[in-house]
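For reference, the structure is listed below as structure tokens.
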Amino acid sequence: MDEGNQSLVSEFILYGLAHSQTIQVFLFVIFSILYLLIVSGNIVIMVLISTDRHLHSPMYFLLANLSFIDMWLSSVTTPKMITDFSRENKTISFAGCISQVFFAHCIAAGEMVLLVVMAYDRYVAICKPLHYFTIMNLKRCTGLVFVSWTTGFVHAMSHLIVIVQLPFCGPNEIDSFFCDMPLVIKLACMDSHDLDILMNADCGVVAVTCFVLLLISYTYILISVHQSSKSGASKALSTCSAHITVVMIFFVPCIFIYVWPLNIIWLDKFLAVFYSVFTPLLNPAIYTLRNKEIKNAMKRFINNYIGFKGNS
């Protein structure tokens with residue numbers, strides 16, 4: 001492709017979520033609060049798991065990694081979206097746009113694989129409880145987390161290699177609040193239909209494969225426990241319900257954006273906001289509200305902190 005054409009576009013214009021100044025001020029306040037909650041909520045979970053010895057188990061090690069990923073998933077796009085609410089000219093440099101595409105896909109794909117790892121962890125804990133700590137030792141957990149990041153990196157590199165070679169020779173307006181791969185491809189000075197299908201297939205390999213593995217994992221857990229105990233199904237559902245909820249709220253928007261796109265602009269924006277803002281926000285709430293050990297760790301942390309401050 002002609003690299004000279006690419007140099008003609010040095011920045012992209014983002015339309016954002018709204019055009020009305022009043023609505024933008026309202027959204028600025030709302031999303032600033034939400035982003036603060038996302039960062040603080042996920043940091044709290046990571047701190048609790050790191051400092052409380054009662055939470056030094058494989059499941060919480062993986063949960064801490066999920067919180068870390070969620071925090072950065074939102075940080076790729078949300079701060080830029082918030083600052084753009086106060087700007088009349090919402091632009092992003094070519095390098096910034098490429099960076100958003102790379103990190104958004106790297107982190108999202110990494111989270112998909114991590115959710116599969118967490119499902120495997122629940123399978124071992126419920127179906128093979130006597131061998132749980134032998135199978136899910138620290139070395140294996142660390143290796144599985146490394147695999148999730150490696151998968152995300154490889155997936156993101158496949159997008160990066162494509163986007164840096166696209167010829168951009170004029171159109172530079174993106175009807176979204178961040179640089180998303182399908183929207184960037186449409187701006188290339190070429191017939192992007194086949195490339196769009198190829199990128200959807202690339203996303204589909206990761207998203208659909210992980211989603212199917214998750215469905216199989218949790219179905220197998222419920223069937224296995226139900227066969228061994230009459231109350232097994234409800235017990236397994238109670239144990240895995242938080243994980244299943246997180247899986248659904250993360251995968252459904254991603255699938256309808258990248259794998260089977262509906263090409264409805266307002267819906268695409270809503271889904272993008274949902275998985276980049278509300279998913280990282282809901283994950284800490286889901287795991288905290290439905291997990292007694294996290295609640296108890298929070299109480300111990302507060303009591304220790306208050307006790308330390310009182311003694312000092």
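The values are calculated or read from the model by the stated rules, or taken from the named source; none is laboratory data. None of these values were measured; they are calculated from a predicted model. Using ideal geometry, Cβ is built from the backbone for each residue, glycine included, and neighbour counts are taken over all protein chains shown. Calculation scope for accessible area: heavy atoms of the full protein, side chains included, ligands and nucleic acids excluded. Shrake-Rupley method; radii C 1.70, N 1.55, O 1.52, S 1.80 Å.
Assorted remarks:
- Among the candidates 127, 141, the residue that is at pLDDT below 90, of a type outside the set (A, V, I, L, M) and over 18 Å from residue 278 (Cα atoms) is uniquely 127.
- Just one of the listed residues (8, 27, 62, 36) is at negative phi and open to solvent by less than 10 Å² (accessible area, probe 1.4 Å), and it is 62.
- For region 205-249, the set of residues classified as modelled with pLDDT of 85 or more and either in contact with a helix residue (DSSP H, G or I) (Cβ under 8 Å, 6 or more places away or on another chain) or hydrophobic (A, V, I, L, M, F, W, C) (or both) consists of 205, 206, 207, 208, 210, 211, 212, 213, 214, 215, 216, 217, listed by residue number.
- Scope region 178-189; condition part of a loop (DSSP other than H, G, I, E, B) and within 11 Å of residue 97 (Cα to Cα); matching residues: 178, 179, 180
- Pairs with Cβ under 6 Å, 6+ apart, first in region 35-61 and under 23 Å from residue 119 (Cα atoms) and free of Cβ contacts under 8 Å to residues at least 60 places away in the same chain, second among the polar types (S, T, N, Q) and outside any helix (DSSP H, G or I): none
- Just one of (1) open to solvent by 70 Å² or more (accessible area, probe 1.4 Å); (2) aliphatic (A, V, I, L, M); (3) touching an Asp or Glu at 6+ places or on another chain (Cβ under 7 Å); (4) modelled with pLDDT of 85 or more fails for residue 185. It is (1).
- Qualifying residue in region 78-101 (condition: of a type outside the set (Asp, Glu), buried (at least 21 other Cβ atoms within 10 Å of the Cβ) and touching a His at 6+ places or on another chain (Cβ under 7 Å)): yes
- Filter pass, residue 133 being open to solvent by 20 Å² or more (accessible area, probe 1.4 Å), in a helix (DSSP H, G or I) and either small (Gly, Ala, Ser) or without any contact (Cβ under 8 Å) to a residue 60 or more places away in the chain (or both): no
- When residue 166 is tested against the conditions (1) in contact (Cβ under 8 Å) with a residue 12 or more places away in the chain; (2) closer than 19 Å to residue 203 by Cα; (3) assigned to a helix (DSSP H, G or I), the lone failure is (3).
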